[in-house]
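To start, the structure under review is shown below, and the notes come after it.
The values are calculated or read from the model by the stated rules, or taken from the named source; none is laboratory data. What you see is a predicted model, and the numbers here were worked out from it, not measured in a lab. No Cβ is skipped: glycine too gets one built from the backbone with ideal geometry, and neighbour counts run over all protein chains shown.
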Amino acid sequence: FFTWLVQDYLFVVEFTRFSGRVLGAAPPHHFDVLLGGLAALKDELSWFRSEASARQLSLAVPPQTTCQRYEAFMRSQNERPYAVQATVLWAIERAYNEGWRNAMPVAEVYEPFANRWGNAEFTQYVHMLASQADEALEQSAEVVRQEAEQAVLEVAELEKAFWDMAFGEKG
Ligand code: HMH
């Protein structure tokens with residue numbers, strides 16, 4: 001769990017940059033939802049720092065291979081059409097929303113973590129990301145929709161690998 005906590009902080013740092021770049025590619029009527037997400041990330045980053053310091057965990061560690069692979073994936077997606085980026089943003093948030101929500105009820109020590117991504121407001125945010133991605137995909141060519149589908153499969157693979165990394169202390 002500690003490995004996950006530290007590596008996920010590093011992930012969220014890069015995810016924040018990814019989200020900022022998605023905003024940079026988005027049409028103005030998508031800004032509200034995306035800015036709400038970025039504001040939540042401001043809180044999330046400081047929350048990670050306090051959870052780590054409460055456990056005396058150093059965040060000044062290198063990302064493991066799987067974390068690096070996920071970071072590189074996010075950077076590469078920012079070069080793609082907005083519809084693909086919006087889909088990837090949704091897929092990443094959906095993975096945690098599903099993962100933590102379906103793990104509930106969890107042991108008390110994990111409750112703040114499960115609640116962060118499993119709560120009703122976050123679930124609603126993920127639905128709004130889905131609507132925005134759907135809208136962008138509807139206006140896209142079939143080849144872009146296929147790119148988006150491929151990217152979702154890559155997110156699923158990276159999400160599984162991320163948990164395996166934390167559990168196995170390798171990768
Ligand atoms: C690995 N995926 C991973 N970490 C996260 N914090 C999220 C998704 C959701 O932000």
Among the residues of region 133-146, is there at least one that is basic (Lys, Arg), assigned to a helix (DSSP H, G or I), within 12 Å of the ligand (Cβ to nearest atom) and farther than 18 Å from residue 21 by Cα? no
Among the residues of region 88-111, are any surrounded by 15 or more Cβ atoms within 10 Å (Cβ to Cβ), farther than 17 Å from residue 154 by Cα, within 14 Å of the ligand (Cβ to nearest atom) and aliphatic (A, V, I, L, M)? no
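This table checks each residue for (1) at pLDDT 95 or above; (2) over 15 Å from the mean Cα position of the chain (by Cα); (3) part of a helix (DSSP H, G or I).
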{"position": "71", "(1), (2), (3)": "yes, no, yes"}
{"position": "74", "(1), (2), (3)": "yes, no, yes"}
{"position": "80", "(1), (2), (3)": "yes, yes, no"}
{"position": "83", "(1), (2), (3)": "yes, yes, yes"}
{"position": "86", "(1), (2), (3)": "yes, no, yes"}
{"position": "89", "(1), (2), (3)": "yes, no, yes"}
{"position": "92", "(1), (2), (3)": "yes, no, yes"}
{"position": "97", "(1), (2), (3)": "yes, no, yes"}
{"position": "100", "(1), (2), (3)": "yes, no, yes"}
Pairs returned, first residue in region 42-68 that is modelled with pLDDT of 95 or more and outside any helix (DSSP H, G or I), second residue that is surrounded by 14 or more Cβ atoms within 10 Å (Cβ to Cβ) and not aliphatic (A, V, I, L, M), beta-carbon separation under 7 angstrom, 6 or more apart or interchain, are 59/9; 63/7; 63/71; 64/7; 64/171
Output the residues belonging to region 22-40 that are of a type in the set (A, V, I, L, M) and part of a helix (DSSP H, G or I). 22, 23, 25, 33, 34, 35, 38, 39, 40
Among the residues of region 118-125, is any touching an Asp or Glu at 6+ places or on another chain (Cβ under 9 Å) and under 22 Å from residue 31 (Cα atoms)? yes
Residues of region 3-61 being β-branched (Val, Ile, Thr), away from the ligand (no atom under 14 Å from the Cβ) and within 26 Å of residue 166 (Cβ to Cβ), in sequence order, are 61
